[in-house]
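Remarks on the structure that follows.
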Amino acid sequence: MPALFPKFKQLRVLVLYGYDKRKLPNSIGNLKHLRYLNLRGASIIELPQSVSSLYNLQTLILRDCEDLVELPTNLARLINLCCLDLRGTNLRRMPPQMGNLVKLRTLTNFSLGKWCGSGIKELGKLQHIHGELSIENLQNINPKHVWESKLRNKEQLKTLEFKWGGKSKDAKHAKKTLEQLWPHEKVENLYIVGYDGTIFPYWVGSSSSSLSNLVCLKLSECNNCSCLPPLGQLASLKDLSITGFAKLVSVGFEFYGSCRPPMKPFGSLIILRFERIGQWEEWKSEDGAFPHLEELYVERCPRLIKALPNNLSCLKKLQVVRCKKQLVPSLRVPPTILEMMLEDDSRYVVLKKLPSGLHRMEVMKLDSVNSLLDGLEQAYGLASTLEEIELSWCAIERFPLEIFPNLQRIDISWCKNLKSLSATEEIQEESSSCPNLTELLLKGCSNLKSLPECIGSHPSLVKLEIEYCGELELFPKGGLPSKLESLAIAYCGKLKIKVIEGIDNNYEGDEETLLLLPSTLTRLRIDSLQNLESLNYKGLVHLRELIILCCPNLQSIPYCMQDLLPSLVKLEIHGCPKLEPFLEGGLPSQLKSLEISGGHGAIAGLMKRDFRTLPDNEEESIPEETLLPSSLTNLSISNFDNLKYLELHHLTSLNELSIDDCPNLQCIAKERLPSSLSDLYIGFGCPLLSQRCKEKVGEDWPNISHIPAIRILHSRYLYLSNMMRYY
């Protein structure tokens, strides 16, 4: 692009967004008619001096040029410049005579150098700047000259930032500087960052300081201040943030100021934030303060132990993060609350109001869940308003499922002491418990031995997942809910079940181990069940996903999957070494994803035609008919020791193909593989196939070379082909 500059001498607009070179060529100075230059996000460290010859330039945008530290020393020649956007840069100083740019309307940043560059006096000459302005490196200024900035006269500036930096920590110098930076009364947003004074000057927060339009105030990294200004007197203030006050110990009555009736302290405040105040211990309450506060954030204030204000009648959102856990119990949560989060080293509690008007609660690492529930129940009837509950890593033995009439979803994970989902010793039998419950998820509850009997006949339950519950032995005698759509059972080593379909009335055996699968199931996942020997899925005409993993004693599943599971789109079977051949009847015609592993010993004939062992004299007699449906988009095959040939050219929709640990597999591409295939992976467990597919020299390379991404492992070395074309 820079090489073209001499050819476009009449150019008016130039945008080099994200330009990745460190410097611009000097030839840019030949674009004499340029009006607009945008270099946002460029990697440049400086601008060439020739930029100063662009006399017609009106807009120069250097936003987010993080490496930019210098501007041309003669930039002041751009007398027609109206907009200079320097947000996100790291300028050390402004070039000399910036005051000559009298047409400037927008100047986002003004950085003060220590020995050279434009001083604050030059800023005073820019009478028409408006919008926002950040004055940086205030530690380099002489306080006697601050008044020359004439900020009191710049009524069109709505946002001001005063920023100190560097290693200088002169409290008196900082205070004198800030005293002279008194802004115009029409300023709406004020940010003070890195202020080193011990107290704030009179005009910050004073009722007579004329900051009547101030809406947002942020005080950050004022580490020498031990008290706050009387900010409660700012009548229009809506958003207040106080961050990084290292010496602040107490927020007392001086914070609220003196308000004449009917005015109340912080009468308009909506959002209040306190963050990273390491020594803060006490927050004194003022009656009538914060009448309209909606959001309160207290973060990383580890010594604050006394109560927060308890008269926050309009509070909608509360976050207390990394503070003492004694901080909140005395807080009376108002009925207006929409979201509450409490987080520290030993707990994590989130309470949100849902669109339905009910609530969602998430609790992590809490020792006394029941006491929390009792406290919030007394505040505003939590039991009747909770719709979703998530508990994890909590010390709870019994969860009172029956007391939540509107509960729709419960997720309990890694609560190792949990023994029952009932508040009493009695087994819950009535289905009226949680009549609206639709999802029950249990994971890592290693002491849970049984489920409530009401689960089996629950009228609304559609999703049930039980994982890592090692002591669970039996399901409810009533079986599974009749409307269940998704079922997952994993890592329940003591669970003794025999799974049959819901329409079979001819079952003979131990009723305690019987598990009926309802015909409404659309997803079934069974993982690591040591005692499972057989699985029957007859009648599951709506099943779309079937996943069977690591069931070492599983021996049989029904034949004729094509007829029994007409809706199946995903099939995954791994780690079932005793499983007998089951695919003689073919796979469902609409199957999209197939991932299958032969397991130890490789099941010969698992797929009667495609996965077969052929004698040497039949190497060329691969049958044309196949069990793999042409609808497949994803195919993954592994651990078939005896597999020699695969017929895949008819899979015209195939997108991803993965093959591994098939040491005798020789051919997958006797013909050109489908053009739809975009990703081919061959693991180092397929040495014969890897050689045949080797780039250019392999026998099968002509039939796979068109694939955009090919990954082949040769003796533990990864070989990549066509990857640049793919990405």
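So here's what we get for this one:
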{"item": "Residues located in region 279-294, provided they are surrounded by 18 or more Cβ atoms within 10 Å (Cβ to Cβ) and either of a type in the set (A, V, I, L, M, F, W, C) or part of a strand (DSSP E or B) (or both)", "result": "Trp280, Trp283, Ala289, Phe290, Leu293"}
{"item": "Members of region 269-278 that are surrounded by 17 or more Cβ atoms within 10 Å (Cβ to Cβ) and in contact with a Leu (Cβ under 9 Å, 6 or more places away or on another chain)", "result": "Leu269, Ile270, Leu272, Phe274, Ile277"}
{"item": "Conditions (1) open to solvent by 20 Å² or more (accessible area, probe 1.4 Å); (2) touching an Asp or Glu at 6+ places or on another chain (Cβ under 6 Å); (3) assigned to a strand (DSSP E or B); number of the one not met by Glu132", "result": "(2)"}
{"item": "Region 559-573: number of residues that are in a loop (DSSP other than H, G, I, E, B) and closer than 17 Å to Thr520 by Cα", "result": "5"}
{"item": "Subset of region 29-47 (residues that are farther than 20 Å from Gln10 by Cα and in a loop (DSSP other than H, G, I, E, B))", "result": "Arg40, Gly41, Ala42, Ser43, Ile44, Ile45, Leu47"}
{"item": "Candidates Leu68, Leu60, Leu81, filtered to the one that is modelled with pLDDT of 95 or more and assigned to a loop (DSSP other than H, G, I, E, B)", "result": "Leu81"}
{"item": "Residue in region 139-154 that is closer than 27 Å to Arg63 by Cβ, touching a residue at least 40 places away in the same chain (Cβ under 8 Å) and not β-branched (Val, Ile, Thr) present", "result": "yes"}
{"item": "Residues of region 657-708 that turn out to be open to solvent by less than 30 Å² (accessible area, probe 1.4 Å) and closer than 14 Å to Leu643 by Cβ, as a count", "result": "10"}
{"item": "Top-ranked residue of region 238-247 - restricted to ones that are touching a Ser or Thr at 6+ places or on another chain (Cβ under 6 Å) and either over 19 Å from Glu295 (Cα atoms) or of a type outside the set (Lys, Arg) (or both), ranked as most open to solvent (accessible area, probe 1.4 Å)", "result": "Lys247"}
{"item": "Selection from region 619-651 of residues that are modelled with pLDDT under 90 and among the β-branched types (Val, Ile, Thr)", "result": "Ile622, Thr626"}
{"item": "Within region 205-235, tally of residues that are open to solvent by 40 Å² or more (accessible area, probe 1.4 Å) and small (Gly, Ala, Ser)", "result": "6"}
{"item": "Filter pass, Trp147 being on the phi < 0 side of the Ramachandran plot, assigned to a helix (DSSP H, G or I), open to solvent by 40 Å² or more (accessible area, probe 1.4 Å) and in contact with a helix residue (DSSP H, G or I) (Cβ under 8 Å, 6 or more places away or on another chain)", "result": "yes"}
{"item": "Odd one out for Phe253 among (1) open to solvent by 10 Å² or more (accessible area, probe 1.4 Å); (2) under 15 Å from Leu160 (Cα atoms)", "result": "(2)"}
{"item": "Per-region count, region 169-198, residues more than 15 Å from Glu136 (Cβ to Cβ) and either in contact (Cβ under 8 Å) with a residue 60 or more places away in the chain or open to solvent by 10 Å² or more (accessible area, probe 1.4 Å) (or both)", "result": "16"}
{"item": "Index of the failed condition, Arg22 passing every other in (1) part of a loop (DSSP other than H, G, I, E, B); (2) within 30 Å of Asn142 (Cβ to Cβ); (3) not polar (S, T, N, Q)", "result": "(2)"}
{"item": "Residues within region 443-465 that are in contact with a Phe, Trp or Tyr (Cβ under 9 Å, 6 or more places away or on another chain) and open to solvent by less than 10 Å² (accessible area, probe 1.4 Å), tallied", "result": "5"}
{"item": "Hits in region 386-426 - residues which are open to solvent by 20 Å² or more (accessible area, probe 1.4 Å) and among the aliphatic types (A, V, I, L, M)", "result": "Ala395, Ile403, Ala423"}
{"item": "Tally, over region 99-119, of residues that are open to solvent by 10 Å² or more (accessible area, probe 1.4 Å) and either in a helix (DSSP H, G or I) or in contact (Cβ under 8 Å) with a residue 12 or more places away in the chain (or both)", "result": "11"}
{"item": "Pair list, Cβ < 7 Å and 6+ apart or interchain, from region 1-28 residues that are more than 18 Å from Leu71 (Cβ to Cβ) and surrounded by 11 or more Cβ atoms within 10 Å (Cβ to Cβ) to residues that are at pLDDT below 85 and aliphatic (A, V, I, L, M)", "result": "none"}
{"item": "Any hit, region 302-321, residues being in contact (Cβ under 8 Å) with a residue 40 or more places away in the chain, within 32 Å of the chain's Cα centre (by Cα) and either under 25 Å from Thr385 (Cα atoms) or not in a loop (DSSP other than H, G, I, E, B) (or both)", "result": "no"}
{"item": "Condition met for Leu401 (at pLDDT 70 or above, in contact with a strand residue (DSSP E or B) (Cβ under 8 Å, 6 or more places away or on another chain) and either of a type in the set (D, E, K, R) or within 24 Å of Pro459 (Cα to Cα) (or both))", "result": "yes"}
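The values are calculated or read from the model by the stated rules, or taken from the named source; none is laboratory data. Since the structure is predicted, the reported quantities are computational estimates derived from the model, not experimental observations. Every residue, glycine among them, receives a Cβ derived from its backbone with ideal geometry; neighbour counts consider all protein chains shown. Calculation scope for accessible area: heavy atoms of the full protein, side chains included, ligands and nucleic acids excluded. Shrake-Rupley method; radii C 1.70, N 1.55, O 1.52, S 1.80 Å.
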